[in-house]
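Please read the structure below before turning to the comments.
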Amino acid sequence: MPLHRWSYLSVVASAVNLLSINSHVAYGHVGNAAAVFALQRLGCEVWPVHTALFSNHAGHGSFRGEMVEASAVGDLVRGIEERGVLARCDGVLSGYLGKPETGEAILEALAKVKAANPAARYCCDPVIGDTGRGVYVRAGIPEFLRERAVPAADVLTPNQFELEHLSGGTAPTLAALLAAADALAARGPRAILVTSVVTEETPKDCIDLIAWEPAGRFRLRTPRLPVAVHGAGDAVAALFFAHWLRTGSAAEALSRAASAIFGVLQKTADQGADEMLLIDAQEELVKPSRMLALVGLRPSESLRIVPPAGTGRILRSWAAPTR
């Protein structure tokens with residue numbers, strides 16, 4: 001298989017307009033507060049609509065703010081529609097819903113976008129919960145995501161817990177996880193990114209990420225960094241979607257997004273910060289200092305992403321993102 005090469009210029013050369021519907025925090029980088037800046041640094045025009053307005057992530061122990069009503073989400077999208085710009089929208093990205101009815105507002109927004117631009121794509125980051133904490137969203141949201149959002153999605157970016165929840169089973173082995181991804185892909189998505197993967201094959205000091213697409217299945221095995229911050233999952237989902245739109249390859253999108261977030265998390269860990277240092281490490285988003293190599297999970301699917309001279313060495317592992 002030929003080597004795939006990419007350059008710093010290729011990352012930002014292709015203009016993309018995205019409607020991002022997600023939560024927002026005043027302090028820190030979670031939801032749209034992570035995704036929007038990351039996308040803008042790639043040269044994307046982002047139209048953010050917030051599903052919740054919080055002071056900070058709940059992981060800090062306390063927070064203030066409130067959920068945004070689904071009617072307000074719909075009204076904001078209608079206002080954008082009235083500007084006559086939906087035909088220029090290349091994709092819709094959704095994350096934390098807040099309320100079940102907000103899901104319907106997002107699908108209505110997607111229908112408006114696709115009516116104006118049939119080539120537009122939808123990336124659903126199905127925020128449900130994670131291993132350890134379990135389900136942390138309101139009742140009705142997991143069901144909406146499983147029954148309504150997954151069939152509508154072109155790209156799906158669950159963590160392992162969410163993949164299992166959406167597919168209705170457990171995935172203790174890599175084979176079981178790939179089978180779950182196959183089952184979800186059969187319902188609609190063209191590309192799937194699974195984060196925070198720990199199967200029986202994963203070493204205890206590592207974490208895996210899996211990219212699924214018709215052309216193959218690929219793995220990034222990563223050492224665990226001594227960092228516990230929120231928002232990296234939101235950022236990596238946004239970057240994955242943008243790179244997938246530009247390249248058409250889930251494998252390349254994973255390598256580019258992972259390389260960027262690794263650099264951000266490495267700096268965050270080095271400084272012992274309690275929030276992701278997205279601003280301080282922003283150059284990593286467009287010109288990662290380290291590139292990551294993918295491992296094809298079948299002999300015919302091996303792929304190696306090679307950086308141009310001077311961008312840094314290739315790594316075969318990195319630090320996994322968490323929300």
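Read-outs throughout are calculated quantities, based only on the coordinates presented, and are distinct from any laboratory measurement. This structure is a prediction, so every number in the text was calculated from the model and none was measured.
Considering region 135-182 at the alpha-carbon level, its Rg and Dmax are found to be 10.9, 31 Å.
For the chain, the relative contact order is 17 percent, taking Cα pairs closer than 8 Å that sit 6 or more residues apart in sequence and dividing their mean separation by the residue count. Separation of region 227-285 and region 28-87, taken as the distance between their Cα centroids, equals 18 angstrom. Taking every DSSP beta bridge that has both ends in region 1-143, the antiparallel portion is near 25%.
The distance separating the Cα centre of region 151-167 from that of region 103-143 comes to 10 Å.
Rg/Rh for region 4-315 to two decimals, with Rh computed the Kirkwood way over all alpha-carbon pairs.
Numbers: Rg = 18.1 Å, Rh = 19.4 Å.
Here the Rg-to-Rh quotient is 0.93.
Over all distinct Cα pairs, what is the inverse of the mean 1/r for region 32-76, reported as the Kirkwood hydrodynamic radius in Å? Mind dumping the intermediate values first?
Details: mean 1/r = 0.0825 Å⁻¹.
One decimal place: 12.1 Å for the Kirkwood radius.
Partners of K204 within straight-line reach, counting lysines whose Cα lies under 29 Å from its Cα and excluding those fewer than 8 residues away in the same chain: K267.
From the largest down, region 87-246 spans 48, 35, 30 angstrom on the principal axes of its Cα atoms.
From the square roots a ≥ b ≥ c of the eigenvalues of the alpha-carbon gyration tensor of region 170-273, which class results: rounded (a/c under 1.5), prolate (a/b over b/c), or oblate? Judged from the Cα gyration tensor, region 170-273 comes out oblate (a/c at least 1.5, b/c at or above a/b). Taking a straight line from the alpha carbon of K114, these lysines sit under 26 Å away, with near neighbours fewer than eight places off in the same chain left out: K99. Which percent, to the nearest 5, of DSSP beta bridges fully inside the chain are antiparallel? Percent antiparallel among DSSP bridges in the chain is about 45.
Please say if region 189-239 is rounded, prolate or oblate, where rounded means a/c under 1.5 for a ≥ b ≥ c the square roots of the C-alpha gyration tensor eigenvalues, and otherwise the choice is prolate for a/b larger than b/c and oblate otherwise? It comes out oblate by the Cα gyration axes.
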